[in-house]
Structures are given as C-alpha cells and as structure tokens.
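What follows draws every value from the coordinates through simple rules; no lab data is involved. Everything numeric in this text was worked out from a predicted model, so none of it was measured. Positions of Cβ are generated from backbone atoms using ideal geometry, with glycine treated the same way; all protein chains shown enter the neighbour counts.
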Amino acid sequence: METTAEQSELFPLLASSTTSRRPFREWFETFMEHGPLMTPKLAAAAMALSRQRIHTLINEGRIATVMVDGERFIPAAAVELFMSEERGSGMRVRPSFREKFTAAMRDKRSGK
C-alpha cells in the first residue's frame, strides 16, 4: 500500500518509514484496509464464546482473520458479520454486541 499525501500529512512517521517502524507500518496498513482489529481473546469476550471456540471457528474458516507481524487478529467487521449471520438464528446474545465489546475494551484497559 502506497502512502498517500493525506496519510503522510496525518502520520509523518509513516511517510519516512524505516525497517525499525515496519511492525507499525504493517499494522497501520492492515488497519486502514480492514478497520478495527481484535485479538481472539477480545473477540471471544465480545461474542460471549470461549477462546477455544473462536480458534475452532477460525480454523473452520467461519471467521476471517488477518496476520500482522506474525500475530493473528480478527477484524471487528468479521465479528459483526458472524454475529448477524451465523449467530442470528441461534441463541441471542444478551447484552448486545456493542455493550459486550465496550465492556471487554474497558476491562482490557483496566487490566482485568
């Protein structure tokens, strides 16, 4: 992905990227392409599933993932898609996905 003039203006470090900034640049480009990313653990909390079930769904190809610097992340859009299509006909998750996601992010920030 080429750095646009607007991105260079907003993120000056990105424009002059060097090898030491490669992980940031890779993460930033993935974020720009796929939107917000979650770890499997965070996705599991947001979807009210176990970490093991998330990995099973990933291995079955039912949840899309992206690799960034050797680590696997799940785009938030893939979680929302799974929740609306795959989980839509089954058990309803209460509270809503947005509430669970917000709570999971709050817990992660506070170190719980």
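If you look at the Cα atoms of the range 22-110, you get an Rg and a Dmax of 13.1, 42 Å. Distance between the pseudo-spin-label points of H55 and R106 (7 Å out from Cα toward the beta carbon): 3.0 nm.
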